[in-house]
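Read-outs throughout are calculated quantities, based only on the coordinates presented, and are distinct from any laboratory measurement. All values reported here derive from a predicted model rather than from experimental measurement. With ideal geometry, Cβ positions are generated from the backbone for all residues, glycine too; neighbour counts draw on all protein chains shown.
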């Protein structure tokens, strides 16, 4: 399971902020914060003002070509970082992941987070659990424990 910010999951958590149940709201806030922390984004990265939004007429073919070249450079630079996220887990790390899942499950968490934990367990069982997933669980547990 990838821990990247997925729009639908993010919106589902934002929708939970309307709940009358304070515990559900708090769990959603913690989930949002953990996802943003792991993804390395801030609210400023996620939200832009109308003044910052590019107009369709602002782009020319030259700009698009330059953007594509820059994107290719960024992909080359980040591919090395991404490889470390895909390294297999050691037996110790697998045990740590299972322990984190159990600990988080014992906390007050949203239904969405419970579903995510089930997916992580399945990934762990099928050898699809990655380093970035372990980092996410560590950050989530730390945030929920705060």
- line: Footprinting proxy, 143, 30, 7: sorted fewest to most Cβ within 10 Å, the residues are 7, 143, 30
- line: Checking rank on 130-137, 13-20, with mean other Cβ inside 10 Å and highest first, the result is 130-137, 13-20
- line: With bins of 5 Å, the percent of all Cα-Cα pairs of the range 99-146 per bin from 0 is 5, 21, 36, 26, 10, 2, 0
